[in-house]
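The values are calculated or read from the model by the stated rules, or taken from the named source; none is laboratory data. Just so it is clear, the model here is predicted, and its values are computed rather than measured. In this analysis, Cβ positions are derived from the backbone assuming ideal geometry, glycine residues included, and neighbour counts consider all displayed protein chains.
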Amino acid sequence: MRRRLALQAVAVTSLIVLSFVVPLGILASRQARDRALSVAEREAQSIATAIAVATSFSEPGVTTSTARSVFDAFGRPDDTSIHLADGQIIGIGSPDDPDVAVARGGSAFTAKTNDGAAVLIPILSGGQTAVVRVAVSQAQLSKGVKAAWSVLAGLAIALLGIAVFAADRLGRSVIDPVERLRSAAVALGTGDLATRVEPGGPPEIVEVAHTFNDLAERLGDLLQEEREAAADLSHGLRTPLTALRLQVEGMEGGHIRDGLLDDVSLVENAADRVIFEARTRGSDAPRRTDLAAITQARASFWEPLASDQERSMTTRLDATKLWVSATETDVTTILDTLIENVFAHTDPGTPFAISVTEDGTLTVADGGSGFEATSARRGRSGGGSTGLGLDIVGRIARHNDAHFDIGASSLGGAEVSIAFKLRP
Amino acid sequence: MASILIIEDDQRIRERITRALAERGHAIDARRSGFEGLSVALEEQPDVVVLDLGLPDIDGTEVLKMIRAVSNVPVIVATARSEESTIVSLLDAGADDYVIKPYSVDHLEARIRALLRRLDDPAASAVITIGGLVIDRSGREASLDGMELDLSRKEFDLLAHLAGRIGEVISKRELLAEVWREPYGGSDSTIDVHLSWLRRKLGESAAEPRYLRTVRGVGVKLIDPTA
C-alpha cells in the first residue's frame, strides 16, 4: 500500500512539475535567443551609426577606408561584415548573400541562416546602400539553455523525491496503525485473546482500534464467563454425583451395587472430561508454542519409566525450535496422553519413538500390537482401551486446527501423528 | 471413635455420611448451613470438622477463616473444585486437609483417620528415618545418606506417603486417591513415572531396587534396605 501511495505521489508530482518545468524551459530558450540577437542588433546598430556619423563629415557614400576604420574599432572579425555598395566586403562574408541583397533595399531585419541567425542593417549615404551584417551562431542563440534545463531537471527530480518521501511519511502514519491492527487481528484469530492494539493514525483507524480492543475484551469476558460456567458445572455435577455414590455405597453388597458403582465411576469420568474440555476451550493462553522444546521436556519426563521398563525410547527433533499454533497446555496434554497410552497398552520392553519434523508434525510410534483406525472414536478401541485418551487427543488437535491421524508404525505397532500448523 | 461435625447443605450427602460414619462408631453432628456449623464448631469443639464449601448462607471459605480465627479444631474441606489454585488457597486459609467431590465414605474416613493420627502424634510424623533416608514432612525436605534430595512436589508427597507406612504394600489405587486425590480416575502410568523418577533420585532402578520395591499386581512399598 505504501508503494501505491508513493507511485500516486510520483504521478501527481510529475504532472505538476511538467506543467511548470516545460514552459520554464521554453521561456529560458527564448530568452537566450532574444538576448543573443539583442547583443547582435546593438553591435550592428553601433557600427551603422558610427559609419553614418563618419560619412557625414566626408564625401557622400561609404568609403572603404571609413568602413575599415569603423570595422576595426567596433566589429568582431568572426561575426561582423560590412558590405559596401560596390560589392566590397569588410570582414568575412559572401558576396552572394541574398539577405544582404534584401537589406540593400533599405530594410533592417533579422534573418535565419544555416548556422543560426544574422542581423542586417542598411546604411544609406550618397544614394548608395551599404549593409552591416552581424552573424549570431547557434551556440550563441542557445547559450545558457542547457544549464537552465539542467537546473530545472534537478529541481524536478528533487521535487519528485520530496513528494515520494512526504507520501511515504504520510502513508506510514496511516499504514503503520493499519498494520498493527492487522497483526492484532491475526493474533486474535489464532486464539491470543490477550492481544490489544495501540490506537494511532487517522481518527477512523483510531476508532477501529478502539472497537477492536473492545471486541477482544468482550471475547475475553465471554470466555471468562464460560470458564466460570465450567467451574459452576463442576460443582453442579460433582455434588449430586457424590450423593449418588454415597447412596449406592449404602446399598446391600452384590452385583447390582458393584455395577452401579462402576456406572457412577464412568459418569464421573465423563463429567471430568466435559469439565476438562470446557476449561481447555476457555483457555486464553497464547496459541503459540515451541513444539520441539515441549517434546524434549516431556520425553525427558517419561524417560526414567521407559528405562525402568527396559524400553528403547528414541526422540528425534528435526529442529531445535519449532513454533506451532497451539497452547502449551494442549501440546503437553497430547504428548502425555500419547506416551501414557504406549505405557498403558504395550508390554514392558516394547520400543517406542517420538519425532517432530520441520513441518510441525508430532508422531508417537510404538512396536506394540497396533490398533484399528476406529480407535479415535470413544468406546471403539481395540486392545482393551476405552479409546478415551485418543478421543481427547483428537478433540484437542481439532480445537487447534491440527490434523490428527492414526495408523501403523514402522516399528510394527501403532502410530499417531498430529500435524500442527506452523506459526513462526 | 471421633466426634465429627459435618457442615453440608446437600441433604442426601449429609444424611448418607452421617449414617455411614455413625455405623462405624463415630459421633456425628450434621448441620446444613454455615452459621449453624460455625456455632457448633466453637461451642462443641469436635475432634474434626468436615466442611462443604457450597453453603446456602455463607461461603464455606469464610466459615473456614472464622473457625480458624478462634479455634484450632482440625478442618477437612470437601470441595468440588479440583484446581490447584483453589486447593492452595484453601490450605493457606487454614484447612488441614481436603477431599475432592465425588468422594466415598471410605475415602473420607481414611482422611479423617490420617488427620487425627498426625495430630495425635505430631513428633512421630514430622521426621521419618529409614536407613540413610530422612524425610522431614513438616519441612518438606528429604535427604539420602546426608545428601539433600531434589524432589518435585508430587515425588515428595509420594515418598512421604510410602514412608508413613514402612514395609506395607500400598496399591496404586490408594496412591491415586491419597497422593493425587483422584480416587476414581487417574492412570497407573502417572504413578509409575513418578516412582521411576523417585528411584532414579534415590540412586536405584527397577532392576536393582533398594528402598522402593514394586510388588507386581499389588502395589509398591518402601523398605529399609539396611535392616
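Worth pointing out:
- Selection within segment B:162-197 - in contact (Cβ under 8 Å) with a residue 40 or more places away in the chain, farther than 18 Å from B:H107 by Cβ and not in a loop (DSSP other than H, G, I, E, B): B:L162, B:A163, B:H194, B:W197
- Of the helices (runs of 4 or more DSSP H) lying entirely inside segment B:1-110, those containing at least 2 residues that are β-branched (V, I, T) span B:11-23, B:60-70, B:84-92.
- Going through (1) over 18 Å from A:D366 (Cβ atoms); (2) part of a helix (DSSP H, G or I) one by one, A:I334 falls short only on (1).
- Residues of segment B:193-212 satisfying the condition of being within 23 Å of A:V342 (Cα to Cα) and charged (D, E, K, R): B:R199, B:R200
- Number of positions in segment A:326-348 that are among the aliphatic types (A, V, I, L, M), within 13 Å of chain B (Cβ to nearest Cβ) and crowded, with 23+ Cβ neighbours inside 10 Å: 4
- Filter pass, B:L158 being in contact with an Asp or Glu (Cβ under 6 Å, 6 or more places away or on another chain), touching a residue at least 12 places away in the same chain (Cβ under 8 Å) and assigned to a helix (DSSP H, G or I): no
- Answer residue from segment A:160-201, given it is in a loop (DSSP other than H, G, I, E, B) and of a type in the set (G, A, S) and is surrounded by the fewest Cβ atoms within 10 Å (Cβ to Cβ) among those: A:A194
- For segment B:15-42, a residue qualifies if it is within 14 Å of chain A (Cβ to nearest Cβ) and either touching a Phe, Trp or Tyr at 6+ places or on another chain (Cβ under 8 Å) or more than 24 Å from B:R117 (Cα to Cα) (or both), and the qualifying residues are B:E15, B:R16, B:R32.
- Count of segment B:98-148 residues, restricted to those that are among the basic types (K, R), surrounded by fewer than 20 Cβ atoms within 10 Å (Cβ to Cβ) and closer than 30 Å to A:L260 by Cα, is 1.
- Qualifying residue in segment A:321-330 (condition: over 16 Å from A:G389 (Cβ atoms), assigned to a loop (DSSP other than H, G, I, E, B) and among the aliphatic types (A, V, I, L, M)): yes
- The residues of segment A:370-394 that are farther than 20 Å from A:T315 by Cβ and modelled with pLDDT of 85 or more amount to a single one, A:G394.
- Residues being closer than 30 Å to B:A80 by Cα, surrounded by 16 or more Cβ atoms within 10 Å (Cβ to Cβ) and away from every other protein chain (no Cβ under 14 Å) are entirely absent from segment B:186-208.
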